[in-house]
Amino acid sequence: VQSSLLQRYLQGLTCLSTLVLDGCNSMISLSFDYGPHLLPALETINIRYCDDLASLDGFRNLGALRELIVANCYNFCSLPADLNTVGSLNKLVICQCPLMRFLPQDGLPASVQTILLSNCAPDLDSELQRKEGAEWEKIVHIPVKKLEVYAAFHSLPIQWVLSPDLVCYRLFDLHNTC
């Protein structure tokens, strides 16, 4: 599905609560900036394996959105700048998006209760693991933070391994894999 055609496909689906985009490789960007009444019931957006997808925008009219998942989108680098206007967002998951270096400049909604960030750009992963810097300040208010690190265990500083604030680490010893 090309993003320019998506609006046409979604017209009239006022009861749609879950949108799953899987393997839409020709989609480079995706905007939901179609007007306030296009998807009033949309609660979950799950985007995965859209290899060319780089960015999302136009979320201000998604008043029912509770969960946003972007996974295995290897060119994805930008969450919507207006994501902080989605007061219903409860859960944000970004996994296997190695070009994702920054969270939105205006931060995340206060409503977010759970965030999972896994295998983003090394700079972002590192800053969040250190619990300092501008990106950390954007998630410090979120009660449940799951930051998964795919790295060689021996290369991690001891304070990362012993960090009590983080709920989950997934560590792999890459030196001993087959």
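Compared with the alpha-carbon gap, the fully stretched path from Ile69 to Lys146 is longer by 26.3 nm at 0.36 nm per residue. With R₀ fixed at 30 Å, the C-beta to C-beta distance from Ser17 to Asp123 puts the FRET efficiency at about 0.25.
Provide, as a two-decimal number, the C-alpha radius of gyration of segment 1-134 over 2.2 N^0.38 Å, N being how many residues it has.
With N residues counted in segment 1-134, Rg over 2.2 N^0.38 Å equals 1.01.
For the pair Asn25 and Glu132, a Förster radius of 45 Å applied to the C-beta separation gives a FRET efficiency near 0.75, rounded to the nearest 0.05.
Accessible surface of segment 53-108, 1.4 Å probe: 46 percent of it comes from carbon and sulfur atoms. Along the Cα-to-C-beta direction of Gln113, a point sits 7 Å from the Cα; which residues of segment 50-81 have their amide N less than 20 Å from that point? What the label zone holds, given the 20 Å backbone N cut-off, is 63-70. Solvent exposure of segment 1-85, expressed per residue, is 48 Å² of accessible area, with all protein chains present and a 1.4 angstrom probe.
The slack in the chain from Asn90 to Arg8, taken as 0.36 nm per residue of separation less the alpha-carbon distance, amounts to 26.7 nm.
Taking all protein chains as they are arranged and a probe of 1.4 Å, the heavy atoms of Tyr74 leave approximately 100 Å² accessible to solvent. Find out how many positive minus negative residues lie around Ala81, taking Lys and Arg as positive, Asp and Glu as negative, among other residues whose Cβ is under 12 Å from that of Ala81. Net charge around Ala81: -3.
The values are calculated or read from the model by the stated rules, or taken from the named source; none is laboratory data. Quick caveat, the model's predicted, so the values are computed rather than measured. Cβ atoms come from the backbone with ideal geometry, glycine included; neighbour counts cover every protein chain shown. Areas reflect the complete protein model, heavy atoms only, side chains present, ligands, DNA and RNA absent. Shrake-Rupley method; radii C 1.70, N 1.55, O 1.52, S 1.80 Å.
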